[in-house]
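Reading through the structure tokens given below for one structure.
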Amino acid sequence: MDFNGKTALVTGGSRGIGRAVALGLAALGANVVVNYVRGADAAEEVVAKIKQLNGQAKAVQADVSDHGQAAKLVEDVVTEFGAIDVLINNAGITRDGLILRMSEEDWHKVINTNLSGAFNCTQAAAKKMIKQRKGSMVNISSVVGLIGNAGQSNYAAAKAGLIGLTKSVARELSARNVRVNALAPGFIMTDMTENLNEDIKSSIIDRVPLGRLGTAEEIANAVIWLASDEASYITGQVLVADGGLAM
Ligand code: NAD
């Protein structure tokens, strides 16, 4: 895989899966914009690591759930590096709760970040990629968007929504040589899953045929492949990377 001369935007690229994707893309030659909403230090650490490897990177603060901030983020990418070839819609949050107890605020917060955030960045990037007549987007969905999860109706709805967004935008942009795919991870060891108690973790592991949680790097490998020219005939697809959980 070769990303030399290409520019990638990774939303929520300061830690976890986004960080692994940003580092992996940079190692393959991409210029990378590491977006973050809070915690500039972590984003700057990713940028410093990329620069140590002679890559080019920049950290840009923006809340992707804000339509204007997302549009400005994409403008900043093009101003800094001249193009946007790859968009990884990775930013995401959880606000778990059973349906009877879920607050309206927690519902909207998760939909606004995980689904509308991807819409905001996709729309802004699509305008650029259509003009360039090339580009590739990967939306980080979740296996939970395919099979559901008790206590995560907001998150599962957003992640299922991302799949509909992926397929619709793929149909709209194919004629302009822009591919759009989704990656659905299973349970991955990041800050997002760190707070799950040991009982829940072991009950998840019991259901995973490969018998363990995944790593951010394992997800990044699949995301980067989907984004790369090696996957040039693949669009509108959902690649599941979950250790076999949902098969
Ligand atoms: P994480 O909490 O470690 O990282 C999430 C990133 O998103 C952080 O960098 C955070 O700053 C950023 N972010 C949150 N809200 C934002 C906003 N409004 N604007 C910009 N950035 C924002 O989580 P992670 O586990 O690395 O998750 C990354 C993606 O993978 C998420 O979309 C998540 O839903 C998805 N995912 C994770 C798992 C898992 O088990 N960890 C499983 C399936 C899917």
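Looking at region 115-137, which of its residues are closer than 13 Å to Ala70 by Cβ and within 15 Å of the ligand (Cβ to nearest atom)?
Keep residues of region 115-137 that are closer than 13 Å to Ala70 by Cβ, which gives 115-128.
Leu115, Ser116, Gly117, Ala118, Phe119, Asn120, Cys121, Thr122, Ala124, Ala125, listed by residue number.
Is it true that Glu230 is within 12 Å of the ligand (Cβ to nearest atom), open to solvent by 40 Å² or more (accessible area, probe 1.4 Å), within 22 Å of Phe3 (Cα to Cα) and assigned to a helix (DSSP H, G or I)? Before you say what the answer is, go through the steps one by one.
Values: within 12 Å of the ligand (Cβ to nearest atom): no; open to solvent by 40 Å² or more (accessible area, probe 1.4 Å): yes; within 22 Å of Phe3 (Cα to Cα): yes; assigned to a helix (DSSP H, G or I): yes.
Answer is no for this residue.
Taking into account only those residues within region 138-153 that are closer than 19 Å to Ile17 by Cα and in a loop (DSSP other than H, G, I, E, B), which is nearest to the ligand (Cβ to nearest atom)? Among those residues, the one meeting the criterion is Ser142. Ala156 meets each of the listed conditions (1) more than 27 Å from Phe3 (Cβ to Cβ); (2) more than 13 Å from the ligand (Cβ to nearest atom) apart from (2). Residues in region 175-207 that are free of Cβ contacts under 8 Å to residues at least 12 places away in the same chain and among the polar types (S, T, N, Q) were compared, and the one that is most open to solvent (accessible area, probe 1.4 Å) is Asn195.
Only residues that are hydrophobic (A, V, I, L, M, F, W, C), closer than 21 Å to Ala125 by Cα and assigned to a loop (DSSP other than H, G, I, E, B) were counted in region 174-189, giving 0.
Scanning region 48-66 for residues that are within 15 Å of the ligand (Cβ to nearest atom), over 14 Å from Glu80 (Cα atoms) and open to solvent by less than 30 Å² (accessible area, probe 1.4 Å) yields Ala62, Val64. On inspection, Gly243 fails the criterion of being away from the ligand (no atom under 14 Å from the Cβ), closer than 22 Å to Tyr155 by Cα and open to solvent by less than 30 Å² (accessible area, probe 1.4 Å).
Figure legend. Inter-residue proximity from region 74-96: first residues farther than 17 Å from Thr190 by Cα and at pLDDT below 95, second residues crowded, with 24+ Cβ neighbours inside 10 Å and β-branched (Val, Ile, Thr), beta-carbon distance below 9 Å, spacing 6+ or different chains. No pairs are indicated.
Which of the following residues is in contact (Cβ under 8 Å) with a residue 40 or more places away in the chain, open to solvent by 20 Å² or more (accessible area, probe 1.4 Å), of a type in the set (A, V, I, L, M) and over 22 Å from Trp225 (Cβ atoms): Ala71, Ala40?
Details: Ala40 fails: in contact (Cβ under 8 Å) with a residue 40 or more places away in the chain.
The conditions single out Ala71.
The values are calculated or read from the model by the stated rules, or taken from the named source; none is laboratory data. Quick caveat: nothing in here was measured; it's all calculated off a predicted structure. All Cβ positions, even for glycine, are placed from backbone atoms using ideal geometry, and neighbour counts span all protein chains on display. For the accessible areas, the whole protein counts, side chains as well, though only heavy atoms, and no ligand, DNA or RNA atoms are used. Shrake-Rupley method; radii C 1.70, N 1.55, O 1.52, S 1.80 Å.
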